[in-house]
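> Supplied in structure tokens, the structure appears directly below.
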Amino acid sequence: MEKRVIRRGQEELKKYVLDARLCTGCGACIDLCPYHRSHRGKTAVLFPCVVDEGRCFAYCPKVDVDLDMVSRHLFGRPYDGNPLGSYQSISATRAGGRLKNVASQAGGVVSALMYFALEKRYVSGAVLTDRRGLLPLPRFVTVPQDVLACAASKYTAAPTLSALNQAVEKGHRNIGLVGTPCQVLAAALMSSNPLKADDCVNPFGLVIGLFCTWAIDFRLFEPFLAGRIEIDRIRKIDIPPPPSEIMEVFGDSGTKLEIPLNEIRELVPNGCSYCIDMTSEFSDLSVGVMEGHPDMNTLIIRTDRGRRIVEEAAQEGYLTLSALPEENREHLIWAAGNKKKRGLSKARGEGMINTQGNETKSYLRISAEILEGLTA
């Protein structure tokens with residue numbers, strides 16, 4: 001009897017992700033082969049591919065993601081739907097005195113941690129997001145000082161993981177990554193060896209995830225801002241934590257433009273509306289702006305590897321750690337839970353969740369019991 005082939009290749013990726021407008025441009029499928037490219041935030045298929053099972057499909061965080069499998073792979077336990085994911089501890093933190101005069105976002109913790117990891121050779125290189133003007137650009141760095149050049153939030157969707165794919169192709173291993181929840185999920189899929197390749201090597205030495213409620217489509221964002229300020233004059237963009245509800249755009253002469261977030265949300269890609277992860281649950285460490293304290297960060301430690309690096313960085317003056325106020329912790333859990341419920345409810349309503357464990361292609365695979373509990 002002829003063996004039945006379950007196709008999970010480029011054709012399926014195009015049908016279930018690109019044509020369905022679920023793509024967030026994370027870059028997981030870029031530079032794996034010559035067939036996919038990213039241009040100004042848009043993922044494009046240049047040539048058809050007939051491979052039955054492709055890495056482009058297997059690494060994509062928007063199709064057939066088995067949450068239970070990912071959780072067991074990273075944390076050794078099934079996915080339970082906790083609003084913040086699996087974690088060991090949560091702290092309030094900021095960059096320590098060892099890093100001075102760094103133009104970073106909020107408390108500077110992401111830059112401090114990756115700088116430290118590179119300096120101590122816990123990672124051999126780091127995949128980051130730089131920018132040219134407003135355009136976010138993937139960048140692979142091997143020198144600690146280059147981490148600081150990529151500091152500050154970009155807010156626009158970026159194909160950051162394309163730089164990872166290039167680095168892996170060149171033989172780099174033990175790589176650090178700073179990414180958004182969808183990029184972190186793709187990284188978790190990569191490390192799980194989804195195609196069961198005999199020569200698969202986990203390329204990651206440290207994964208730092210960013211808190212994220214949504215990203216912005218660059219193709220819409222650039223003309224939107226160009227009508228309000230000269231693009232070349234922009235020096236920094238910031239979204240203060242709630243309850244501000246504004247985006248701040250800082251110009252080169254000290255000017256500041258404030259834009260209501262309800263106008264910015266109209267520029268968010270459709271794929272972000274299905275996302276169920278606010279705190280990059282599948283990372284070693286997660287970092288976000290601390291609500292009520294825009295000069296500090298909230299740090300979630302998830303793995304032993306992440307904990308060891310944080311403890312050593314604090315001992316050597318790269319970080320300062322303190323207890324997170326209970327009201328901040330409670331509000332973070334509430335906000336993350338709300339995002340999870342919104343995304344799951346929307347995906348469920350559109351028939352995009354597989355609770356049966358069969359071969360039907362879907363956005364997410366999750367147990368019926370967990371789904372019911374999260375969307376009740």
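> Kindly indicate whether any position in the stretch 43-53 is at pLDDT 95 or above and either in a loop (DSSP other than H, G, I, E, B) or of a type in the set (A, V, I, L, M) (or both).
No, that holds for no residue.
> Then there's this: Among the residues of the stretch 343-370, write down those that are assigned to a helix (DSSP H, G or I) and in contact (Cβ under 8 Å) with a residue 60 or more places away in the chain.
Selection gives 343, 344, 346, 347, 370.
> Now for a separate question. Can you name the number of the only condition in (1) at pLDDT 95 or above; (2) surrounded by 20 or more Cβ atoms within 10 Å (Cβ to Cβ) that residue 68 fails?
Only one criterion is unmet by residue 68, namely (2).
Table: residues versus (1) assigned to a strand (DSSP E or B); (2) of a type in the set (Gly, Ala, Ser); (3) in contact with a helix residue (DSSP H, G or I) (Cβ under 8 Å, 6 or more places away or on another chain); (4) without any contact (Cβ under 8 Å) to a residue 24 or more places away in the chain.
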residue	(1), (2), (3), (4)
105	no, no, no, no
110	no, no, no, no
131	yes, no, no, yes
152	no, yes, no, no
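> Sort out which residues of the stretch 157-193 are assigned to a loop (DSSP other than H, G, I, E, B) and crowded, with 21+ Cβ neighbours inside 10 Å, and write them in order of number.
Going through the stretch 157-193, the residues assigned to a loop (DSSP other than H, G, I, E, B) turn out to be 157-160, 170-174, 180, 192-193.
Of everything in the stretch 157-193, those that are assigned to a loop (DSSP other than H, G, I, E, B) and crowded, with 21+ Cβ neighbours inside 10 Å turn out to be 157, 158, 159, 160, 180.
> Next question. I'd like to verify a number: residues in the stretch 312-360 that are within 23 Å of the chain's Cα centre (by Cα) and under 16 Å from residue 22 (Cα atoms), how many?
9
> On to the next question. Return yes when residue 75 is in the same structural domain as residue 303 (by TED's automatic domain parsing), under 19 Å from residue 307 (Cβ atoms) and either modelled with pLDDT of 95 or more or surrounded by fewer than 21 Cβ atoms within 10 Å (Cβ to Cβ) (or both) and no when it is not. Before the answer, list the steps.
On the way: in the same structural domain as residue 303 (by TED's automatic domain parsing): yes; under 19 Å from residue 307 (Cβ atoms): yes; either modelled with pLDDT of 95 or more or surrounded by fewer than 21 Cβ atoms within 10 Å (Cβ to Cβ) (or both): yes.
For residue 75, the condition - in the same structural domain as residue 303 (by TED's automatic domain parsing), under 19 Å from residue 307 (Cβ atoms) and either modelled with pLDDT of 95 or more or surrounded by fewer than 21 Cβ atoms within 10 Å (Cβ to Cβ) (or both) - is met.
> Run down 327, 312, 359 and say which single residue is on the phi < 0 side of the Ramachandran plot, among the acidic types (Asp, Glu) and touching a helix residue (DSSP H, G or I) at 6+ places or on another chain (Cβ under 9 Å).
312
> In this structure, does residue 127 turn out to be within 18 Å of residue 110 (Cβ to Cβ), out of contact with any His (no Cβ under 6 Å at 6 or more places or on another chain), crowded, with 24+ Cβ neighbours inside 10 Å and assigned by TED's automatic domain parsing to the domain that holds residue 206?
For residue 127, the condition - within 18 Å of residue 110 (Cβ to Cβ), out of contact with any His (no Cβ under 6 Å at 6 or more places or on another chain), crowded, with 24+ Cβ neighbours inside 10 Å and assigned by TED's automatic domain parsing to the domain that holds residue 206 - is met.
The values are calculated or read from the model by the stated rules, or taken from the named source; none is laboratory data. Quick caveat, the model's predicted, so the values are computed rather than measured. With ideal geometry, Cβ positions are generated from the backbone for all residues, glycine too; neighbour counts draw on all protein chains shown.
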